[in-house]
Amino acid sequence: MDWANHPGIVQAAAILKKEGVVACPAEGVWGLSCDAWCETAIKRILALKNRPATKGLILITHNVELLRHLAPDLTSDQSTQLASSGSENPVTWLIPHSGRVSTLITGNHPRLAVRIVRHSPIAALCANVGVPLVSTSANPSGFPPSKTMEEVSSYFGTAVDFIAPGQIGNAKGSSEIRDLITLEVVRNS
């Protein structure tokens, strides 16, 4: 399937570019996303999830080069490490950053959480938007992450602006989280 030109992905990207919030299928669960530069949309996601801003959020992109502005000191080896995880075993990396990202994204954490996505629908969405996106599981805090479009609708109804097409990938759940400097596993998948 040509996800990059899929009408639903194109529509989701247009909504994100206009400060919207979209639910989209990720590697192992459905996620809520918005433009990483839009604080209004980030606040909406936090409110939808009833999630404290102190916990922070993950940024996703299809291309590690889109993170250069946020993490200009990444070495080529670190960039390769970021880009190495696949869609079946996604890894979210905690990276040093330049301070150019909202504290709504970093929360109370000194590092920025980022994931390079390979799952076709969400990677195509990232490519269509052209900037890093916020990503967090599509569920209110304390509830299980959505595994289907129907579960997303059940949790959020019309409170999200759009539900992108596609299915989640084959990963077993949320991504593993590792520190890029120490390689320490912070959260198992």
Fill in the blank from the handout: Output ordering of 11-19, 28-36 (per-residue mean of other Cβ within 10 Å, highest first) is 28-36, 11-19
Exercise for the section: Place the peptides 107-118, 130-141, 151-162 in order of packing, highest mean first, counting for every residue the other Cβ atoms within 10 Å and averaging per peptide. Expected result: 130-141, 107-118, 151-162
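With a Förster radius of 35 Å, plug the Cβ-Cβ distance of Ala159 and Trp37 into 1/(1 + (r/R0)^6) and report the FRET value to the nearest 0.05. Let's see the in-between values first.
Values: r = 22 Å, r/R0 = 0.62.
Using R0 = 35 Å, I get an efficiency of 0.95.
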Completion exercise
Rounded to the nearest 5, the percent of antiparallel DSSP beta bridges in region 3-187 equals 65
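FYI, it's all coordinate maths here, none of it is from the lab. This structure is a prediction, so every number in the text was calculated from the model and none was measured. Quick reminder, even Gly has a Cβ in these numbers, built from the backbone with ideal geometry, and neighbours come from all protein chains shown.
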